[in-house]
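One structure is given here, and the rest of the page talks about it.
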Amino acid sequence: MERKVYLDNAAATPVRKEVIEEMMPYFDREFGNPSTVYDLGSRVKAVIDEQRAKVAELIGARPEEIIFTSGGTEANNLAVKGIAFAHRKKGNHIIVSAIEHHSVLNSARFFERLDYEVTFLQADEYGLVDPNRLKELIRPETILVSITHASNEIGTIEPLAEIAEVCKENNVFFHTDAVATVGNVPVNVKELGVDLLSLSGIPLRAPKGTGALYFRKGLRLMPLMHGGIQESGRRGGTENVPGIVGLGKAAELAKAEIPAKVSHVKALRDKLVNGVLEKIEAVKYTGHPENRLSGHASFCVQAIEGEALVFMLSSHGIYANTGSACASKALKTSPVLVAIGVPAELAQGSIVFTLDINNTEEDIDYVLEKLPPVVDRLRAMSPLWGKAKPQAA
Amino acid sequence: MKFVKDIKADDTLDLVCRMCPLHLLEPGEKLACMKEGQVLEILTDYDGALEDIPSWCDKCGQEFIGIEEDEDCYKLYIRKKKGNGDGKESVSG
């Protein structure tokens, strides 16, 4: 039987067995609505608050600073829209980096349709945002800065503490999308100095459709979902109790395991990167070479389509990603790669590998065995190959 | 409606951007942690609170001091009279 090597852990992860076990009672035995006053509900409400404390503990927050959401996208929407709407009287200018996830970019663009202005802050060729450039862009009417902790597409970890300092000096709220980092590297909201932080259950191996927004105590935030008293009136709607329990358990387990995960995936990632760059010509390693997620390797392969590469690798049991829905579904150039100056033609060949604790050295050997001939086959069919050889390396 | 100015509060509850029934739930929780005679300031932009909070104070035996209109919200003041803040006497022992 052919080997299966799963290296798309930024997109989805298998839920941990301990997490599934913890969730099970909340599908049937403990099914009560947490908002009810009788014991079936109040017990579940207490369990939700225990999970809130576990998620808070993972990122160095207080339990009351956590709002459970349906994932990273909702958390990002709540952060950007919640601040922009709640603080309109203070100003109407928002700054986001050009390498944000669509849930931040499109939330910001939504405000361009209202009476707000949005500035898209460029990153350098490694995907790093410059805090000094940010300082120049902040105006008296700026209310929010949103810069990702790390892009899932290029893996670069941003200098958040320095950015937070700039925001604090200028009395501007600072949000970070930490979907790619929480669960993959140690994250502490107080050390980072952020006012809001989005996280997802996926890197924690919690169920899909789970996540949370950290918001600093005392911050005013306009809810996206108006409804009842859930999440202290900041997110109406009956809670996804099994999902929240899964997220809490996964957060609790992750806290102690992150350092070991970091060193394990980093060794494998380095082997993968060195192997790819050695065995395949005309490949660009995107993102920062050192300041990046330890289990993240992203490349642009000259003269081929990333989507075709992902598809052909999957026929060998290797699962990777193009890194961007623009490239894989809309056949458009990834805005993140464009923002860091990758030529459009080269950006088409984007491929991203995201590793997890379950990956092994044999997995990487297998990828390094199968990837070069797949690239050769695709290049043999490419009208671009030959013309463009020297550009990428 | 009784309007007041420059009331000194011992604690503040910010409910701006939040709606019914939070303005009737969180004051009770907050008052439960305060001492008799202390003043709670409630910040809200929910119009319904202007009627609801004085009437909630009546029901729960708390003293509604008055309201001040601020630039972006209302400030409502309650003096804690007794009990847990929700009208129920505290039980010791």
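Read the figures in this text as sums done on the coordinates, not as results from a lab. What you see is a predicted model; the values in this text were computed from it and never measured. Methodologically, a virtual Cβ is constructed for each residue, glycine included, from the backbone with ideal geometry; neighbour enumeration extends over all protein chains shown.
List of remarks:
- Counting only alpha carbon atoms, the long axis of helix B:49-60 and the longest principal axis of chain B meet at about 10°.
- Bridges between two residues of chain A, per DSSP, are antiparallel at a rate of about 50%.
- Here the label points at B:A32 and A:E18, each 7 Å from Cα along the C-beta direction, are separated by 3.3 nm in the simple model.
- Sorted ascending by nearby beta carbons within 10 Å, beginning with the fewest, A:I229, B:I53, A:I66 become A:I229, B:I53, A:I66.
- Taking each DSSP H run with n ≥ 4 as -39500 (n - 2.57) and averaging over every residue of the protein assembly as shown yields -11500 deg cm²/dmol at 222 nm.
- Distance between the range A:159-231 and the range B:1-65 - C-alpha centres, whole angstrom: 29 Å
- Options B:A9, A:L272, A:V19, ranked by Cα towards positive dipole end of the protein assembly as shown, top entry (Cβ charges): A:L272
- Relative contact order (percent, whole number), chain A, Cα cutoff 8 Å, 6+ residue spacing: 22 percent
- Spin-label model, A:I357/A:E2: points 7 Å from Cα along the beta carbon direction are separated by 3.0 nm.
- Taking other C-beta atoms within 10 Å as the exposure proxy, A:L277, A:L114, B:L43, A:L144 rank A:L114, A:L277, B:L43, A:L144 from fewest upward.
- Global form of chain A, assessed from the alpha-carbon gyration tensor, a/c cut-off 1.5: oblate
- Each of A:F27, A:F215, B:F3 has some number of other Cβ atoms within 10 Å of its Cβ, and from fewest to most they run B:F3, A:F27, A:F215.
- Relative contact order [Cα under 8 Å, 6+ residues apart], chain B, whole percent: 34 percent
- Binning all Cα-Cα separations of the range B:11-79 at 5 Å, short to long from zero, yields these whole-percent fractions: 4, 18, 35, 28, 13, 3.
- Given charges at beta-carbon only (K, R positive; D, E negative), |dipole| of the protein assembly as shown in Debye: 420 debye
- Phi angles across the range A:55-62 convert, under the Karplus curve 6.51 cos²θ - 1.76 cosθ + 1.60 with θ = phi - 60°, into 3J(HN,Hα) values of 5, 4, 4, 4, 10, x, 10, 8 Hz, Gly and Pro given as x.
- Taking a ≥ b ≥ c as the square roots of the eigenvalues of the Cα gyration tensor, the range A:32-81 is classed as oblate, since a/c reaches at least 1.5 and a/b does not exceed b/c.
- Extension gain, A:E141 back to A:E369 (0.36 nm per residue minus Cα-Cα distance, nm): 76.6 nm
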